[in-house]
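Only one structure is covered here, and it is reproduced in the block below.
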Amino acid sequence: MKNSNLEDVPISITCPACGLLCDDVSLSTNPALSMQNGCTKGIRFFERALATPASATPLLAGKPASLEDAIIAAARILSKSRQPLFAGLGTEVQGMRAVASLAEKTNATLDHMHSEGTVNNTRTMQNSGWLTTTLSEIKNRADLILAIGTDITGSHPRFFEKLAWNTDQLFSKPTPELIFLGAPAETAKANVAPDGKAPTLIPAATSQLPEVINALNALLSGKKLNADHIAGIAPETLTGLIEKLKAAKYAVIVWSAGALKIPHAELAIQSIVQLVSKLNESTRAAGLPLNSGDGDSSVNNVSTWLSGYPTRSRYRNGIPEYDTYHFSTQKQLDSCDAVMWISTFNPHKVPETQPPAIVIGHPDIQCGHVPDVFIPTGIPGVDHAGLMFRMDSSITLPLKKVRDSGLPSLNEVMAKIEAQLLSETTA
């Protein structure tokens, strides 16, 4: 393996480790890996990516094979399948375009590995619409940030550094007040602003957040709470929070659908969206759903512009269909006759499957069982260039190639499999 682009001087990159896609990062490996403006999550991503073996080769039933033979074997599995499942889908824009093209030719079902949380956002948007904002708007306008059920910094480490405490703003405004509702206290309380202002913490169990959010909606609508406590919180505390939200000129409510692992999480998100909508009757407020990672924003945007639907969709004779329940990976594993698991950013563990399995992606990907076909690919933003949607879906940012590993990109592998399928069909 030759890290040709990193031998002499640091290079400017876009970091794909989380949905912020920080593009003010410089990466160097001489004498050791270092990142200027890097965060702990970004450093871990590049340390693992650059440590992947140069000797990674395709495998057929666990035995080394050429890329050509692996392509032929994958195409044969898909040609015999009548109901394949393409799952995982950890990739960027170009990779997803190629995956969607192959899915259309094979009548495949598509489901991203983080869809379980994402679909709760999608259903809310489909049912009632929502008012969300961009990272630029938060940086330039927000004067209060309320994080519900997430500390943010665990999944998006530079969130507050870039959006709350950055003094490079278009408009003069105070540093946003940070309020954490139902967030992990140990990490949330560490978000002290550069001026020394500590965040406000309102403890609540994740399972009780729906009760608290509905109480906030009641208070905002002028109702009285006839209770001593709401999920252990004094009514005065919630009344104080509502007054702060009403007084803010641009409040932003942040949540992570992936962190709301509770029954009926969709209803909790609908209540958050209702809170934002009601606030806009008297002031300005907006929501920001955090993404879960592994290219989920890119994959769902690409799927939507190509088919009209995000993932948890499938093709039938070229016609896209959408079902957030029946097209989940968990459901499809019981009925599909072939599985293709894709994870190019991280070596996530492949789910156990009974049908023939094709695994494509990170050279260190974890397989609990030996797949029929394994094809290692390059890591986007490390082994090849690419494009990614930022988590607010407002812009795409370019990923750079930072080393020469010789590994093919996912879209190259998908194109080869599709070409092989076509050649077998026309032979």
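The values are calculated or read from the model by the stated rules, or taken from the named source; none is laboratory data. Since we're looking at a predicted model, the values are computed, not measured. Cβ placement follows ideal geometry from the backbone for every residue including glycine, while neighbour counts extend to all protein chains displayed. The protein model used for the area step is the full one, side chains on, heavy atoms only, and it has no ligands, DNA or RNA in it. Shrake-Rupley method; radii C 1.70, N 1.55, O 1.52, S 1.80 Å.
Any residue at all in region 368-378 that is in contact with a Lys or Arg (Cβ under 9 Å, 6 or more places away or on another chain) and either charged (D, E, K, R) or modelled with pLDDT of 95 or more (or both)?
Checked against the condition, which is being in contact with a Lys or Arg (Cβ under 9 Å, 6 or more places away or on another chain) and either charged (D, E, K, R) or modelled with pLDDT of 95 or more (or both), region 368-378 yields at least one hit.
Quickly run through region 401-411 and pick out the residues that are outside any helix (DSSP H, G or I) and either among the aliphatic types (A, V, I, L, M) or out of contact with any helix residue (DSSP H, G or I) (no Cβ under 8 Å at 6 or more places or on another chain) (or both). Spell out how you get there, then give the answer.
Here is the first cut: in region 401-411, the ones outside any helix (DSSP H, G or I) are 401-409.
Answer for region 401-411, where residues must be outside any helix (DSSP H, G or I) and either among the aliphatic types (A, V, I, L, M) or out of contact with any helix residue (DSSP H, G or I) (no Cβ under 8 Å at 6 or more places or on another chain) (or both): 402, 405, 406, 407.
Output the residues belonging to region 337-354 that are open to solvent by 40 Å² or more (accessible area, probe 1.4 Å) and at pLDDT 95 or above. Spell out how you get there, then give the answer.
Of region 337-354, the ones open to solvent by 40 Å² or more (accessible area, probe 1.4 Å) are 337, 348-349, 352, 354.
The one that is open to solvent by 40 Å² or more (accessible area, probe 1.4 Å) and at pLDDT 95 or above: 337.
Is it fair to say residue 282 is among the small types (Gly, Ala, Ser), open to solvent by 20 Å² or more (accessible area, probe 1.4 Å) and modelled with pLDDT of 95 or more?
yes
Would you be able to tell me the number of residues in region 108-124 that are in a helix (DSSP H, G or I) and among the small types (Gly, Ala, Ser)?
2
Among the residues that make up region 80-95, is at least one of them in contact with a strand residue (DSSP E or B) (Cβ under 8 Å, 6 or more places away or on another chain) and acidic (Asp, Glu)?
Yes; the residues of region 80-95 include at least one that is in contact with a strand residue (DSSP E or B) (Cβ under 8 Å, 6 or more places away or on another chain) and acidic (Asp, Glu).
Looking for something within 19 Å of residue 399 (Cα to Cα) and out of contact with any Cys (no Cβ under 9 Å at 6 or more places or on another chain) - is there at least one such residue anywhere in region 54-73?
no
Run down 388, 414 and say which single residue is open to solvent by less than 30 Å² (accessible area, probe 1.4 Å) and in a strand (DSSP E or B).
Exactly one of 388, 414 is open to solvent by less than 30 Å² (accessible area, probe 1.4 Å) and in a strand (DSSP E or B), namely 388.
Yes/no per residue for (1) touching a Pro at 6+ places or on another chain (Cβ under 6 Å); (2) of a type outside the set (Lys, Arg); (3) farther than 20 Å from residue 394 by Cβ:
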position: 293; (1), (2), (3): no, yes, no
position: 299; (1), (2), (3): no, yes, no
position: 306; (1), (2), (3): no, yes, no
position: 314; (1), (2), (3): no, no, yes
position: 318; (1), (2), (3): no, yes, yes
position: 323; (1), (2), (3): no, yes, yes
position: 326; (1), (2), (3): no, yes, yes
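Suppose we filter 315, 325, 309 for residues that are within 24 Å of residue 81 (Cα to Cα) and either basic (Lys, Arg) or out of contact with any Asp or Glu (no Cβ under 9 Å at 6 or more places or on another chain) (or both); which single one remains? If you could, list the steps in order and put the result at the bottom.
On the way: 315 fails: either basic (Lys, Arg) or out of contact with any Asp or Glu (no Cβ under 9 Å at 6 or more places or on another chain) (or both); 309 fails: either basic (Lys, Arg) or out of contact with any Asp or Glu (no Cβ under 9 Å at 6 or more places or on another chain) (or both).
Selected residue: 325, the only one of 315, 325, 309 that is within 24 Å of residue 81 (Cα to Cα) and either basic (Lys, Arg) or out of contact with any Asp or Glu (no Cβ under 9 Å at 6 or more places or on another chain) (or both).
For region 1-107, list the helices (runs of 4 or more DSSP H) that sit wholly inside it and hold at least 3 residues that are open to solvent by less than 20 Å² (accessible area, probe 1.4 Å) and β-branched (Val, Ile, Thr); which are they?
Per the criteria, 93-106.
Do you know which residues across region 355-385 are in contact (Cβ under 8 Å) with a residue 60 or more places away in the chain, open to solvent by 20 Å² or more (accessible area, probe 1.4 Å) and aliphatic (A, V, I, L, M)?
If the condition is that a residue be in contact (Cβ under 8 Å) with a residue 60 or more places away in the chain, open to solvent by 20 Å² or more (accessible area, probe 1.4 Å) and aliphatic (A, V, I, L, M), then 370 is the only one that fits.
Those residues that are small (Gly, Ala, Ser), at pLDDT below 95 and more than 22 Å from residue 295 (Cβ to Cβ), I need them from region 395-426; list them, please.
Taking region 395-426 first, the residues small (Gly, Ala, Ser) are 405-406, 409, 415, 419, 423.
Restricting the remaining residues to those that are at pLDDT below 95 gives 405-406, 423.
Hits for region 395-426 are 406, 423.
Can you tell me which of 115, 55 is within 24 Å of residue 300 (Cα to Cα) and among the hydroxyl-bearing types (Ser, Thr, Tyr)?
Residue meeting the stated conditions: 115.
Being open to solvent by 20 Å² or more (accessible area, probe 1.4 Å) and modelled with pLDDT under 95: is that true of residue 117 here?
Spelling it out, it is not the case that residue 117 is open to solvent by 20 Å² or more (accessible area, probe 1.4 Å) and modelled with pLDDT under 95.
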